[in-house]
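Peer 1: I'd like to ask some things about the structure below.
The values are calculated or read from the model by the stated rules, or taken from the named source; none is laboratory data. Quantities reported herein were computed from a predicted structural model and do not represent experimental measurements. Heads up, the Cβs are rebuilt from the backbone with ideal geometry, glycines too, and the neighbour counts pull from every protein chain shown. Side chains included, ligands, DNA and RNA excluded: accessible areas come from the protein's heavy atoms. Shrake-Rupley method; radii C 1.70, N 1.55, O 1.52, S 1.80 Å.
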Amino acid sequence: MAKEFRDVAGKAAKVVAQQARQRGIFLSLSDGEIRSFLSGVVEAGERLEAYADLRPHHDCPKVPRRRRVQDGFGGKAPARKMAGAAVEIAAFAAGAWEPDSRGRLTSVFHGEPDSMAGQLLVQFNPVTSGCEHVLAVTSQRLILVRIRSGVGRKLGPAIMPWWVQRAQVPASRRYGQGDLGLGFADSSWIRLNGGASARGEALRACFPDVPGPWPGDKQPRRR
């Protein structure tokens, strides 16, 4: 009986994990729900112009677990939160991505962890899985909104773990696969999946179209 129970529990856990992964990849919120959550974090006087359920390209540098941030929704004792924050700050100061990161060999990301693109990538990868992320443009800023979710959990609330002024995003470019690139004022940049959707195109249109070359782009071989 104990073995049968473990087998059933194991299968159930796999199903839950699979649903959580799917939810983390495909945004399952309606436009009304997204706008409701965004209205809760957009400051007074700002106007929401566009938003999209984008994700960092899978070849972006891997964020080491020691560098990953908490999701911001609580769940740990204050002392543990403070200790975790200290560890994250120390790791951030170390200044390196995962040594075997594929992003070093591909043209999908350029920047260190403390760059604008690097901070965005870190915030896209919190310790807690199952969070929904929405990248939005207001009349003043580009913001990342994190929404608590996951299998068996109530949606919400939402927080804004990262933002920059729109003037700090002087370039964007479209890729053949429908991906979207965002370039920042500190010369860092990141490639995001999902730009082929109407939402992604609306967000890309908010920034100047600068096809390249961008800092860190691979130069074509001379014959």
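Peer 1: Find which of Leu192, Pro161, Gly178 sits farthest along the positive direction of the dipole of the stretch 146-193, computed with +1 on the beta-carbon of Lys and Arg, -1 on that of Asp and Glu, about the Cα centre.
Peer 2: Of Leu192, Pro161, Gly178, it is Pro161.
Peer 1: Between Ser129 and Ala205, what is the label-point separation in nm under the 7 Å Cα-to-beta-carbon projection?
Peer 2: 3.7
Peer 1: Shifting gears a bit: Using the beta-carbon distance between Asp217 and Lys154 and R0 = 41 Å, what value does 1/(1 + (r/R0)^6) give for FRET efficiency, to the nearest 0.05? All intermediate terms of the calculation are to be shown ahead of the outcome.
Peer 2: On the way: r = 44 Å, r/R0 = 1.06.
In this case the efficiency is close to 0.40.
Peer 1: Right, here's the next one. If you count, for each residue, the other Cβ atoms within 10 Å and average over each peptide, how do 64-71, 138-145 line up from highest to lowest? Don't jump to the answer; show the numbers that get you there.
Peer 2: Numbers: 64-71: 16.4, 138-145: 19.4.
Packing order, densest peptide first, comes out as 138-145, 64-71.
Peer 1: Let me ask something additional. Output ³J(HN,Hα) for the stretch 110-119: one whole-Hz value per residue in order, computed from phi by the Karplus curve 6.51 cos²θ - 1.76 cosθ + 1.60 with θ = phi - 60°, and x for Gly and Pro.
Peer 2: So the Karplus estimates, Gly and Pro as x, are 8, x, 8, x, 8, 6, 4, 5, x, 5 Hz.
Peer 1: Give the carbon-plus-sulfur fraction of the accessible surface of the stretch 119-177 in %, rounded to a whole number; probe 1.4 Å, heavy atoms of protein chains only. Spell out each step's value before the answer.
Peer 2: Numbers: 1040 of 2230 Å².
The value for the stretch 119-177 is 47 percent carbon and sulfur by accessible area.
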